[in-house]
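Before any comments, here is the structure.
Nothing in this text is a laboratory measurement; each read-out follows from the coordinates by a stated rule. Please read all numbers here as calculations on a predicted model, not as lab measurements. Positions of Cβ are generated from backbone atoms using ideal geometry, with glycine treated the same way; all protein chains shown enter the neighbour counts.
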Amino acid sequence: MAGWSPKIPWVVALAASALALLFHVVFMLHAGALWRDEVNTAQFATFPSLAELWSSLKYDSFPLVSTLMLRLWTWLPWGEGDFGLRIFGLLVGAAGLAALWFSARVLGHSVPLISMALLGFTPLVIRFGDSIRPYGIGMVFMLLAFGLIGQATVRPGPRQVLAAAVAAVLSVQCLYQNALLHLAVCVGGVAAGIHFGEWKRAVVPAGIGALAALSLLPYGESIRQAQDWAVVNQASTDFRSIWGVLRQALGSAGAVMAWIWILLFAGALIAALPLFRSPIRGSETVEGLTLYAAASMAVGTAAFLVFVRLSGLPSQPWYYVPLMALTAVCMETIVAGRKTGAAWRVALAVAVIVISFSSVWPEIRGRQTNVDLIADKLERSSAREDMILVNPWYYGVTFQRYYKGHTPWVTLPPLEDLRIHRYDLLKRQMTSPDAIEPVLERIDQTLRSGHRVWVVGSLPAPLEEQSPPRLPPAPGGPWGWNSHPYRSAWASQVSYLIHSRAARSDVLAVGSDIRVSPHERADLLVVSLR
């Protein structure tokens, strides 16, 4: 191509990487306190003993490796406080960028362009990859494993196979859902090996996948026990609702980006389709890697979405970060395998960066929560005779980390352990016909005594001249174990009590001028008799 310089991809990739790293630094400086999911992980990492940590895995949704890495970090003099944990998140984010470079190098296309633009400029990946959760570390090992398994498939050797196996095991030991993606990657490796006409190449990825799967066997009992409480989160999940959440994830840098992801996905598969029709000669490693990436991407996407559908659990946008990471490097590998791949990759990367930039900047400058600010406000404003009610209950996981005042507080419904998310205790309360009676009595007594009730979170508007519903103990009602109707009914009962006592409720502005993630942006209400 006239005027084309081999230095152009390097310049663009280095510039994109530097800008993406800056985004991670900006997020670290603005993220503020830990939100409830991060508090949950930090609590697991700092349990007094490994025995308690292991016995509590049934209450968590992740294997051990990332938690143990965070545990080691907290032993450092600066590691346990919020800022120290934010530095840990920054290092994970930087490792993700480095993993993109590593994967590109071992797969033979020198620099990450499309993958760097897609992942480095997606706010969702930055916010949740750098959060104190296993998603970022799991993504790093997923990227390393994808590159190493591809290398071991096309150029098998003892060192390549060993490195790929270690990366694959570490990846699934960080995120259970990575097991599905590694299944897809290994299917891609087997497909490439078969098309090479060399069964030894097909055996390598299959063996690595089997080893990674076997490494999860010790978690079998914890997974089985977790099914007992997981039912409280189950809901009707169809592909339409899944697509809605996935579109939020892909479009976190703007709605246009969701369609760019989809068009790139479809275009990459179409470009790779001819390779599925004829065998690849043993020396054609580029074609082999293209086939490997296409099969991994197709199988991984299908398996992941089907799993979400069959799980019956409502998904969240950040659940799709590992899938997005795999898809991005697969699309890069496919485009890089074309003769005009370098020019196309540069053009696509620049277009994605330009489109995404205006959305990334405000998103990464927001706090993860404002519950710490509310806790500070209550320490200064509430009295010992007052009462603090936290609703919904899971805000209490964050509140207990930051509130150091003397006013008694309780969640709705009351739970005796709020160090971590204890859905088993919520399930137990759902079986009680009087789960929140002590809370209602305490609110009534506090107001009648002339003191105030502070509400962290929110309450629904009271029903006019209509008493709120009282649901039968679960699972006796029509909702089974679904916790949402119970949480709504409990909140309505509190709201009705306050209204019936002719109490007034005022919303206080706490950090109203600060951008806060919608996933934990709480209100503060003060309730008193008129």
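Structure values in brief
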| item | result |
| --- | --- |
| Lysines with Cα under 19 Å of LYS377, excluding same-chain neighbours fewer than 8 positions away | LYS404 |
| Sequence-distant residues sharing a close amide H with ALA435 (under 5 Å, placed H) | none |
| 5 angstrom amide H check on VAL390, placed H, neighbours 5+ away | VAL410, THR411, LEU412, VAL456 |
| For the chain, calculated [θ]222 nm from helices alone, where every DSSP H run of n ≥ 4 adds -39500 (n - 2.57) | -20000 deg cm²/dmol |
| The chain: DSSP helices with Cα axial extent of at least 20 Å and average Kyte-Doolittle hydropathy no lower than 0.0 | 7-30, 82-106, 134-154, 158-172, 178-196, 199-214, 255-272, 285-311, 321-336, 341-363 |
| Hits among lysines - C-alpha to C-alpha of LYS7 under 30 Å, sequence gap 8 or more where chains match | LYS339 |
| Residues of type lysines that LYS427 reaches as a straight line, Cα spacing below 27 Å, ignoring anything fewer than 8 places off in the same chain | LYS58 |
| Placed amide H near VAL516: partners under 5 Å, 5+ positions off or other chain | ARG367 |
| Semi-axes of the equivalent ellipsoid for the chain, Cα gyration tensor, largest first, Å | 47, 24, 21 |
| Under DSSP loop assignment and at most 10 Cβ neighbours within 10 Å, longest GluC sites (Glu not before Pro)-free interval of the chain | 1-415 |
| Phi to ³J(HN,Hα) by Karplus 6.51 cos²θ - 1.76 cosθ + 1.60 over the range 47-59, Hz, x for Gly, Pro | 4, x, 9, 5, 5, 5, 4, 5, 5, 9, 4, 5, 9 |
| Relative contact order [Cα under 8 Å, 6+ residues apart], the chain, whole percent | 17 percent |
| Computed P(r) (all Cα pairs; the range 189-312; 10 Å bins; percent) | 11, 28, 29, 25, 7, 0 |
| Cα point-scatterer Debye curve for the range 371-529, base-10 log of I(q)/I(0) at q = 0.08 Å⁻¹ | -0.22 |
| Simple label model, 7 Å out from Cα along Cβ direction - GLU221 to ALA351, nm | 5.4 nm |
| Cα pair distances exceeding 13 angstrom across the range 461-530, given as percent | 72 percent |
